[in-house]
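Reading through the structure tokens given below for one structure.
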Amino acid sequence: MKTHLSHTLRNAMLRMLDASPFGMGRRGAASSRPAPDNVVRRLENVFEALSELSLQPHVAAAFDLACDTLQAELPTEAVAAGLYDIDSDEIRIVAARGAEQSALRGSAFPRASCLVGYASMEPTITSGNAHGAHWLGSGGQDSTVLLCPILHDAHLLGVLALAEPLRVERFEDHDRGLVSYVADQLASFIQTHRHRPPTCAL
């Protein structure tokens, strides 16, 4: 059973890499080599961890699970997940990990500062200095942040943001693919949660 599950997960992850513009570029003559085992293994781990997503009681718990999962597989100095408030045009941080997590959690930032440049449409690697996503990055010249919108049918629901990778010098394309997968799962959870009938208090 374990072998079958592992084989199924691996195939699902490889299909995802094929479809993602942020994967390892496995299609085409210039990118015919398969994804490295560590990249596939990381995706498998995230896939398994997020199988618990549908069991979460509310969006905050789902965001906590997503942040913990990302920190385990893509360690960074900081990670934050926020919901988009269309009325105020702000991102409200629901979950955060890292040194500034207490200050970040519950904070609200203008959408434009949370989704710098093309980040409103796709995962984007940007600077964490004053000209980029300074609200999460260290502010230094070499500070790096990965911003990923949580979208459903092109409608913004929230954002995932990670700053300062710990194991590598900067974020890479396959990191964007990983975070994009987590964002897609969160988008599905948020939509499902919003359409759940309210439960009666006992």
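For the residues LEU166, LEU115, LEU146, LEU151, the requirement of being under 15 Å from TYR84 (Cβ atoms) and touching a Pro at 6+ places or on another chain (Cβ under 8 Å) singles out LEU115. Counting the residues of the stretch 114-133 that are in contact (Cβ under 8 Å) with a residue 12 or more places away in the chain and either more than 22 Å from GLY177 (Cα to Cα) or over 14 Å from the mean Cα position of the chain (by Cα) (or both) gives 7. Within the stretch 99-123, the set of residues being modelled with pLDDT of 90 or more and not charged (D, E, K, R) comprises LEU104, GLY106, SER107, ALA108, PHE109, PRO110, PRO123.
One residue stands out among those in the stretch 91-113 that are within 19 Å of GLN191 (Cα to Cα) and not β-branched (Val, Ile, Thr): the one that is farthest from the chain's Cα centre (by Cα), which is ARG92. Would it be correct to say that GLU77 is in contact with a strand residue (DSSP E or B) (Cβ under 6 Å, 6 or more places away or on another chain), in contact (Cβ under 8 Å) with a residue 12 or more places away in the chain and under 15 Å from GLY137 (Cβ atoms)? Answer is yes for this residue. The single residue among LEU136, LEU70, LEU157, LEU65 that is assigned to a strand (DSSP E or B) and either surrounded by 14 or more Cβ atoms within 10 Å (Cβ to Cβ) or free of Cβ contacts under 8 Å to residues at least 60 places away in the same chain (or both) turns out to be LEU157. So, PRO36, is that one modelled with pLDDT under 85 and closer than 30 Å to HIS134 by Cβ or not? So PRO36 fails the test. A residue that is charged (D, E, K, R), within 15 Å of ASP175 (Cα to Cα) and surrounded by fewer than 21 Cβ atoms within 10 Å (Cβ to Cβ) can be found somewhere in the stretch 114-128. Of all residues in the stretch 46-62, those satisfying the criterion of being surrounded by fewer than 16 Cβ atoms within 10 Å (Cβ to Cβ) and either in contact with a strand residue (DSSP E or B) (Cβ under 6 Å, 6 or more places away or on another chain) or free of Cβ contacts under 8 Å to residues at least 40 places away in the same chain (or both) are GLU48, SER51, GLU52, LEU55, PRO57, ALA60. Within the option set GLY23, GLY28, being surrounded by 17 or more Cβ atoms within 10 Å (Cβ to Cβ), at pLDDT below 65 and over 17 Å from LEU160 (Cα atoms) holds for one residue only, GLY23.
Count of the stretch 84-128 residues, restricted to those that are of a type outside the set (Lys, Arg), outside any strand (DSSP E or B) and over 14 Å from LEU147 (Cβ atoms), is 12.
The values are calculated or read from the model by the stated rules, or taken from the named source; none is laboratory data. In this text the structure is predicted, and so the values were computed from the model without any measurement. Cβ sites come from the backbone with ideal geometry, for glycine too, and all protein chains shown count toward neighbours.
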